[in-house]
Amino acid sequence: MEILVCVTRVPDTAENEIEVNSDGTDIGRDDLVYSVNEWDNYAVEEAIQIRDRVGGSVTVVTVGDDESEEILRREMAMGADSGILLADGAFDGSDGLGIARILKAEVDKGNYDLILTGAQSEGGTAEVGGMLAALLDLPFASLVNQIEIVDEKKIKVGREIEGGNIEVSEIDLPCVLSVQTGINEPRYVGIRGIRKVASLDIPTHGAADLGVDPATVGADGARVKRMDYFIPDLGEGAEMLEGDTEEIISKLIELLKAKGGLK
Amino acid sequence: MNPDFVSPADASVFGIPVVIFTVLIPVLGMAAFTFIMAKRMAPLVRSASDPRLDRIPDRLFGMVKYAIGQWRHPRYLLAGVLHIIIFAGFMILSLRSLTLVLLGISSDFVLPGLGGIGGDIYGVLKDIAGTLVLVAVIVAMIRRGIFKPERYTVPRQYGKDHTWEAILVLALISTLMLCDMVFEGTGDAGGLHAGGFVFPLTGHWIASRIFAGASMATLQNIHLASYFIHDVVFFCFLCFLPLGKHFHVITSLPNVFFRKLRSGSVKPVKWGVDADALDDLESFGVKKFEDFTWKHILDFYTCADCGRCSDQCPANAAGRPLSPRFISVKSRDYAFKHYPIKGDICPSDAPLVGNIFTEDEIWSCTTCGACEAECPLFIEYIDKIVDLRRGMVDDGMVPQSLQKPLRALEKRGNPWGKMERKRIDWIKDKEFAAGCEVKVLDRKKTAETLYFVDSITSFDDRMQAIAQASARVLSAAGIDFGILGKLEKDSGNEVRRFGEEMLFLELRDQNTEAILKSGVQRIVTADPHAFNALTKDYEDLPPVEHISQVILKAARSGQLNFKPVTDPGKVYTYHDPCYLGRHNGLYDDPRAVLDAIPALNRIDMEKSRDRSFCCGGGGLMLFYEPEEDQRMGVLRVQMAESAGANVIVTACPFCLVNIEDAIKVSGLEGKMEAIDLVELVDQHIIAE
């Protein structure tokens, strides 16, 4: 099975203190450390596990710049067979649709059975997977937390729905899936693993290589423009109930009744 | 001599000279033994190299002290004393056994030096030894068979009970002792060596009296029978030794001789491969059995299954899925299965983790070293755990709870992923800065001493108080010191011990460069984990001291003076941090510092010094989410409480985190408190 996983490089929320920059146009990017988007990492692990079960290969692709190569190498150290960097000045400032268009052009060059994306990334819009499927005219499932390969033409996917229930659907291949965290336990990649893949070649494809019209991508092609970043005003703090456990419980019941939470 | 009574060498049975058997039995016995030993050596020659021939005088001294002198045995008093008696008896009786075997071939055989008066003295000695061994063995059998001490039980997940093996061997030993007594007694009664002195109340003496009235034919038969039973049992026993836990009778002397000499250090990934060449290694750490070094396999053979390691292991006590004893026992079983005596060897490439070990088992170890400090045979555990972890890290088998801090260490040089520049936040605190100025050593500023803070003390809100107290104490002691600030990275003590060698080397290189550039003459740290890493894992650094050593010197020179403890109700106990005590031998300095504070009432917990009980582990262990019934820290706090203490003093930020948490968890807030040694000193310094 030929699997393509779309990944992206994001500021690591665990290792940064994210603040809005002074003019409110972006987050402050000095002193940030970056890593692969967490959802994408789960998608790559899933792709590797599928390949190890049924054979085939895993390719990781990202739209980014030279620095994005680092995350491609990390995913290759995890076990992806090859990486492709999609970089071009014309791609800068793309919105979700722009990214999907660039990715579509790369997908068209290959012959993939399964295309995975993370459920969402830095922007939290969770839109690229769905848009990519639409552009490719392929079936799509979002927030996938189970994948079972039925045969060469079909897979079963599970999605977590309300109340922790799992919804299982059958989807024809090729298809696009956006993967939820928790679908697996991604393996650890150490420095040694990254060094082992340091000399592998990662091809870079630009707009011309992909046949993408620069007007449809990048800042010019973007139909969504970011206007402002701000930190919401702090609301009133929570009310702390005082007294011993019995008193707290009766106060809580009173409050819940008063607000209509208990009948 | 009675002409009718002959010794085995001159006897014949049904007309066949007995000497045929007395030659055949040892020849067959030795042949079988040699064959078994050769088979047992097979995995050792296929395993990883491990140079153990340095510091020969130290090795010999240790072997004499610990193996022959049984130094660690009385730590478990009854078992220890029984073992010492049996062992000493064996040492004495080995000559007797050899003599007996050869007596069957030549009736007047005497070992060189054991003729005449020497022989008489030896005869008395061996009679006493044989009798004491018999008594000790009977006591041991009663103990193992009836009282069944808890530490010998085999939990179901670790296989079958081993009591039968212990009892069988004790029975074989008793048989050997009884045979010799009967052989001697019948010999005396038969008049073989009449008139010799026999020490009263020994088995030999009793046997002589029992057999005194027997008929000559009976005596002759019993004499021969006891000889043959002894001969056969002796060689059966010898061949049985390498088949189980009694292999230690053979391997313990070499095992102690080849023991690890640098406590607190960790073996390199592969002996003889430099750090620069590590990238070229095909695989890292121990994955399959033959990845262990030969010494580690010798360890498995040597384990006597005494259970002392697991009895001391805090992970085992807390109900984590780790019992060091079974690391050895399971590995030995594996070796015996894949390198059998009968049939061909069948090495397997299947990984050990997932087969005989579980991932949680290997991550459960805090590397506290309690097992190694207890083992009478110096079996190593930490290096094996670290090697297994290296293999797991290499294969990506790292729990999610540890992946985050490891990534943060890679990116930010600390496991919390805090920004590098925030490493000096603690010196900027207004109240602190007003009373104490701390230099950050950069191109402009220099100092004689570097205070190496390390990550937890730099970043953790509570532990920053240790940093501030350390700075004030160093200032009061008149020491010109500074810190590295954002150039300091985590010391990496646990990064290496959790198997991430390459990340450790990066941290080490960055710290080494920053330290050497700063031009300091010495390093002081209040974190025992940093202390251990800097002294054991780093190279070519200026001398490193733990702050308790610095404080003690300053107190003794009069540079630091302390006011008395004001609250007479406070009873202090000192909790030995593993990386200060067991791994670096610093037990007395911190206690001496406490005792230098006037009116300080200090008691020791039952488990203290090299038997200290780990708080729960430091460094990356803070992030690991173990399966356990109880926190180690809670058990430790209970120990302090039952000792009658209400203040636990420690000298390690990780101990403080764990113990303070444990006090809250056990609901002892207000009744028990924890404080770092430096904080306590800081509170009691008399300002100049």
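The values are calculated or read from the model by the stated rules, or taken from the named source; none is laboratory data. For clarity, every value in this text was computed on a predicted model and none was experimentally measured. Cβ placement follows ideal geometry from the backbone for every residue including glycine, while neighbour counts extend to all protein chains displayed.
The condition of being at positive phi, within 12 Å of chain A (Cβ to nearest Cβ) and free of Cβ contacts under 8 Å to residues at least 60 places away in the same chain holds for only one of B:G417, B:G413, that being B:G417. Looking across the range B:136-148, the residues that are in contact with a helix residue (DSSP H, G or I) (Cβ under 8 Å, 6 or more places away or on another chain) and free of Cβ contacts under 8 Å to residues at least 24 places away in the same chain come down to B:G145, B:K148. Of the helices (runs of 4 or more DSSP H) lying entirely inside the range B:524-622, those containing at least 2 residues that are without any contact (Cβ under 8 Å) to a residue 60 or more places away in the chain and surrounded by 18 or more Cβ atoms within 10 Å (Cβ to Cβ) span B:547-556, B:588-595. If the condition is being within 17 Å of B:S107 (Cα to Cα), in contact (Cβ under 8 Å) with a residue 40 or more places away in the chain and not in a loop (DSSP other than H, G, I, E, B), then the range B:183-218 contributes B:F183, B:E184, B:T186, B:G187, B:G190. Among the residues making up the range B:330-351, those that are within 24 Å of B:C371 (Cα to Cα) and either small (G, A, S) or surrounded by 22 or more Cβ atoms within 10 Å (Cβ to Cβ) (or both) are B:S331, B:A335. One residue stands out in the range A:177-193 among those that are within 9 Å of chain B (Cβ to nearest Cβ) and more than 7 Å from A:Y42 (Cβ to Cβ): the one that is surrounded by the most Cβ atoms within 10 Å (Cβ to Cβ), namely A:V189.
When the range B:84-121 is filtered for residues that are under 19 Å from B:N255 (Cα atoms) and free of Cβ contacts under 8 Å to residues at least 60 places away in the same chain, the ones remaining, listed by number, are B:I84, B:F87, B:A88, B:M91. When A:L210, A:L252, A:L234 are checked against the criterion of being surrounded by 10 or more Cβ atoms within 10 Å (Cβ to Cβ) and either modelled with pLDDT under 90 or closer than 30 Å to A:S82 by Cβ (or both), A:L210 stands alone in meeting it.
The set of residues in the range B:444-471 being touching a Lys or Arg at 6+ places or on another chain (Cβ under 9 Å) and surrounded by fewer than 24 Cβ atoms within 10 Å (Cβ to Cβ) consists of B:K445, B:T446, B:A447, B:E448, B:T449, B:F459. Yes or no: A:G79 within 23 Å of A:I191 (Cβ to Cβ), in contact (Cβ under 8 Å) with a residue 60 or more places away in the chain, among the small types (G, A, S) and surrounded by fewer than 24 Cβ atoms within 10 Å (Cβ to Cβ)? Yes.
Every residue, every condition in (1) among the aliphatic types (A, V, I, L, M); (2) over 39 Å from the mean Cα position of the chain (by Cα); (3) in the same structural domain as B:V386 (by TED's automatic domain parsing); (4) not in a helix (DSSP H, G or I), yes or no:
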residue: B:K411; (1), (2), (3), (4): no, no, no, no
residue: B:F432; (1), (2), (3), (4): no, yes, no, no
residue: B:K445; (1), (2), (3), (4): no, yes, no, yes
residue: B:K489; (1), (2), (3), (4): no, no, no, yes
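Only residues that are within 14 Å of chain A (Cβ to nearest Cβ) and either free of Cβ contacts under 8 Å to residues at least 40 places away in the same chain or in a helix (DSSP H, G or I) (or both) were counted in the range B:376-396, giving 7. Restricting to the range B:237-278, name every residue that is among the small types (G, A, S) and either within 20 Å of B:E290 (Cα to Cα) or outside any helix (DSSP H, G or I) (or both). The answer is B:G244, B:S263, B:G264, B:S265, B:G272. Somewhere in the range B:445-461, is a residue over 20 Å from B:E679 (Cα atoms) and either free of Cβ contacts under 8 Å to residues at least 60 places away in the same chain or acidic (D, E) (or both)? Yes. Set side by side, the residues B:D311, B:D299, B:D305 differ, and just one is under 15 Å from the mean Cα position of the chain (by Cα), on the phi > 0 side of the Ramachandran plot, assigned by TED's automatic domain parsing to the domain that holds B:D387 and of a type in the set (D, E), which is B:D305.
Selection of the range B:266-278 for residues being closer than 16 Å to B:Y538 by Cβ and surrounded by fewer than 17 Cβ atoms within 10 Å (Cβ to Cβ) yields B:P268, B:D274, B:A275.
So that you can scan it fast, the table gives a plain yes or no per residue for (1) surrounded by fewer than 24 Cβ atoms within 10 Å (Cβ to Cβ); (2) over 18 Å from B:R611 (Cβ atoms); (3) in contact (Cβ under 8 Å) with a residue 40 or more places away in the chain:
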| residue | (1), (2), (3) |
| --- | --- |
| B:Q638 | yes, no, no |
| B:N646 | yes, yes, yes |
| B:F654 | no, yes, yes |
| B:I659 | no, no, yes |
| B:I663 | yes, yes, no |
| B:K671 | yes, yes, no |
| B:I685 | yes, yes, yes |
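Counting only strands (runs of 3 or more DSSP E) that fall entirely inside the range A:1-78 and contain at least 2 residues that are touching a strand residue (DSSP E or B) at 6+ places or on another chain (Cβ under 9 Å), within 12 Å of another protein chain (Cβ to nearest Cβ) and not charged (D, E, K, R), the qualifying elements are A:34-36.
Yes/no per residue for (1) touching a helix residue (DSSP H, G or I) at 6+ places or on another chain (Cβ under 8 Å); (2) surrounded by fewer than 22 Cβ atoms within 10 Å (Cβ to Cβ):
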| position | (1), (2) |
| --- | --- |
| A:D52 | no, yes |
| A:D65 | no, yes |
| A:L86 | yes, no |
| A:N111 | no, yes |
| A:Q120 | yes, yes |
| A:G124 | no, yes |
| A:V128 | yes, no |
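Checked against the criterion of being touching a helix residue (DSSP H, G or I) at 6+ places or on another chain (Cβ under 8 Å) and loosely packed, with under 15 Cβ neighbours inside 10 Å, the range B:15-27 contains not a single residue that satisfies it.
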